[in-house]
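**Student:** Please see the structure below; I have some questions.
The values are calculated or read from the model by the stated rules, or taken from the named source; none is laboratory data. Computed from a predicted model, the values in this text were never measured in an experiment. Please note: Cβ atoms are built from the backbone with ideal geometry, for glycine as well, and neighbour counts cover all protein chains shown. What goes into the accessible areas is simple: the full protein's heavy atoms, side chains included, and nothing from ligands, DNA or RNA. Shrake-Rupley method; radii C 1.70, N 1.55, O 1.52, S 1.80 Å.
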Amino acid sequence: MKRIYILILSMLAFSACLKDLDQRPVVESESDATEVYSSVDGFRGVLAKIYASYCIVGQEKGGGNADLSSNNGFDLLRGYFNMQESATDELAGTWLSGDKIEFLTFMNWDASDPWVSDTYYRLYYTISLCNEFLRNTGLADGFSDTDKATVATYAGEARFLRALAYWMVLDLYGKGPYVDETMTVGGYMPEAYNSKQLFDYIESELKDITLPKPSATEYGRASEAAAWTLLARLYLNAGVYGAGDHFSDCIECCKKVLADGFSLESDYGKLFNAENHLRTNEIIFPFVIDSRESVSWGASTYIVCGQISHTDSEMAAAYGVNPGWGSFRVRGELPGMFGDVASTSDSRARFFTTGRTQWFTGPIDNADEGFFSVKWTNLKDDGSTSCDTASGGVDTDYPFFRLADVYLMAAEAVLRGGAGMTRSEALGLVNDLRTRAYGNASGAVADADFNLDLILDERARELYLEAQRRTDLIRFGKFTTSSYIWQWKGGVLDGRAVADKYNLYPIPAAELSANTNLKNENY
């Protein structure tokens, strides 16, 4: 049975403002660090807490005994998903006020937006856990050589998880305070790193750490392939981050992943069902969600339940949900990328259309308009329901990195002038995905049609609702500009361009008061 090891620690809750970005974990028994880190199991427990900080919010079922006080009370992945999807051509929020998502939806957020703040503080909470873990690895000096080697592997994982959090800070906010394990806890004001400084740090960290091969580690834990995939994503977006052209570096990292034994899953839908933990052939790095061990009302539970109508019990049952939340639908542009979804042979076009219209004629929060996505489910491979989502959430893991993305990153980097892979090889990767999607070669792309516009649309078809769309649109210069308009972009039905400042989220207003090294130039 898949399992995430939940740490039996109560983490010190932060105030609404992280005046001290590097808090220490404490245990209810008031044990000190020397006791917590007195064995490999102790280190393993703290490491598990770091992994869990991405997808759960507290020590009890569904987020009880919360680690942080926050505006919304949800986990990091729910915040990250909303910030990556809500303003794009993919997502149409339904409960705009109730979910506090109207400002994201209409691209008019400010430094007081609750999701902007919550996601920022949860990222730095995870960073603080990593720093605390790494600060105490010296306590393993007296362990056996075998146990010291194990702790060294754990340290590599903690460094990867910290780099991942810092990458999210870079991608979402473009800057942020820098804190690592060498800095004294409290009593100082962290230096503000700009985008280039964050890029340089993340690049250096990912190139320096040592992680096991995918075949030599447990499911749900970081491997060298996860680090290479994150580095590839960093390089692909390097120009956006002010770090120049790194497309050849992106290709090099992608090729390392391609050589590490992964293969495409033959059934696209099984990548997003309740037994997707069996898809280790394609899923490079997941966050583990389990209805018994890591109950969350965010992460993939939010996606699976949120995409299902809250009034259609038959629809909910068909996808293993009890009940549907009706949190969001999709904007018409997304299914439009598949042509006529009723007749397409593309198996990735997974939408519920019965009695529904593709396009909006009025407010975006009209629950009667817009297709539902049914890409994510809580069904087992045999079609049966995995668990009762009303009491335990879903059993569907959150596949954060998967091989299909690596294929598309490599292909895009080639088209952007990167060296290390031929155009023919890059096109072959794209057509491998389309062969999987169509079941045969009927969807193959000809060389004459192989261009960047094709790649952007193909990324939408392959990766929709996987928290990548905002980053993709920014990289292609289409997120804020008039070069691509979708319904309700900028808060009007027919869509409009918005100010370029919305390519980045602002540092939360409360954080600016706490750390005078930080500022928002455009907010």
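**Student:** Can you name the number of the only condition in (1) among the aliphatic types (A, V, I, L, M); (2) out of contact with any strand residue (DSSP E or B) (no Cβ under 6 Å at 6 or more places or on another chain); (3) buried (at least 17 other Cβ atoms within 10 Å of the Cβ) that residue 185 fails?
**Tutor:** Among (1) among the aliphatic types (A, V, I, L, M); (2) out of contact with any strand residue (DSSP E or B) (no Cβ under 6 Å at 6 or more places or on another chain); (3) buried (at least 17 other Cβ atoms within 10 Å of the Cβ), residue 185 violates only (3).
**Student:** Here's something else I'd like to know. Can you work out which of the residues in the range 478-523 that are outside any loop (DSSP other than H, G, I, E, B) and of a type in the set (D, E, K, R) is farthest from residue 358 (Cα to Cα)?
**Tutor:** Checked the range 478-523; the qualifying residue farthest from residue 358 (Cα to Cα) is 511.
**Student:** Another question about this same structure. Considering only residues that are open to solvent by 70 Å² or more (accessible area, probe 1.4 Å), within 21 Å of residue 115 (Cβ to Cβ) and at pLDDT 95 or above, which ones fall in the range 483-518?
**Tutor:** 500 - this is the single residue of the range 483-518 that is open to solvent by 70 Å² or more (accessible area, probe 1.4 Å), within 21 Å of residue 115 (Cβ to Cβ) and at pLDDT 95 or above.
**Student:** Now for a different question. Within the range 343-396, take every residue that is among the charged types (D, E, K, R) and over 30 Å from residue 441 (Cα atoms) and give me the one that is most open to solvent (accessible area, probe 1.4 Å).
**Tutor:** 368
**Student:** Same structure again: Among the candidates 236, 230, single out the residue that is more than 20 Å from residue 213 (Cβ to Cβ) and open to solvent by less than 10 Å² (accessible area, probe 1.4 Å).
**Tutor:** Of 236, 230, the one residue that is more than 20 Å from residue 213 (Cβ to Cβ) and open to solvent by less than 10 Å² (accessible area, probe 1.4 Å) is 236.
**Student:** Could you please find all residues in the range 288-306 being over 17 Å from the mean Cα position of the chain (by Cα) and open to solvent by less than 10 Å² (accessible area, probe 1.4 Å)?
**Tutor:** 290, 294, 305
**Student:** Kindly state which helices (runs of 4 or more DSSP H) lie completely within the range 283-343 and contain at least 1 residues that are within 30 Å of residue 221 (Cα to Cα).
**Tutor:** 299-306
**Student:** Right, something else. Over 24 Å from residue 417 (Cα atoms), surrounded by fewer than 21 Cβ atoms within 10 Å (Cβ to Cβ) and touching a residue at least 24 places away in the same chain (Cβ under 8 Å): is that true of residue 215 in this structure?
**Tutor:** When the stated conditions are applied, residue 215 passes them.
**Student:** Residue by residue through the range 439-453, note down the ones that are without any contact (Cβ under 8 Å) to a residue 12 or more places away in the chain, open to solvent by less than 60 Å² (accessible area, probe 1.4 Å) and more than 24 Å from residue 265 (Cα to Cα).
**Tutor:** Correct list: empty.
**Student:** Same structure, new question: Given the structure, is residue 351 out of contact with any Pro (no Cβ under 6 Å at 6 or more places or on another chain), among the aromatic types (Phe, Trp, Tyr) and in contact (Cβ under 8 Å) with a residue 12 or more places away in the chain?
**Tutor:** no
**Student:** With surrounded by fewer than 16 Cβ atoms within 10 Å (Cβ to Cβ) and in contact (Cβ under 8 Å) with a residue 24 or more places away in the chain as the only criterion, which of 200, 180, 141, 145 stands out?
**Tutor:** It is 200.
**Student:** Open to solvent by 10 Å² or more (accessible area, probe 1.4 Å), among the aliphatic types (A, V, I, L, M) and over 30 Å from residue 60 (Cα atoms), is that true of residue 406?
**Tutor:** No.
**Student:** Just wondering, is there one or more residues in the range 238-250 that are of a type in the set (D, E, K, R) and more than 30 Å from residue 352 (Cβ to Cβ)?
**Tutor:** yes
**Student:** Something else now. Within the range 88-107, which residues are open to solvent by less than 10 Å² (accessible area, probe 1.4 Å) and on the phi > 0 side of the Ramachandran plot?
**Tutor:** Answer for the range 88-107, where residues must be open to solvent by less than 10 Å² (accessible area, probe 1.4 Å) and on the phi > 0 side of the Ramachandran plot: just 107.
**Student:** Does the range 454-470 hold any residues that are assigned to a helix (DSSP H, G or I) and open to solvent by 10 Å² or more (accessible area, probe 1.4 Å), and which are they?
**Tutor:** 454, 457, 461
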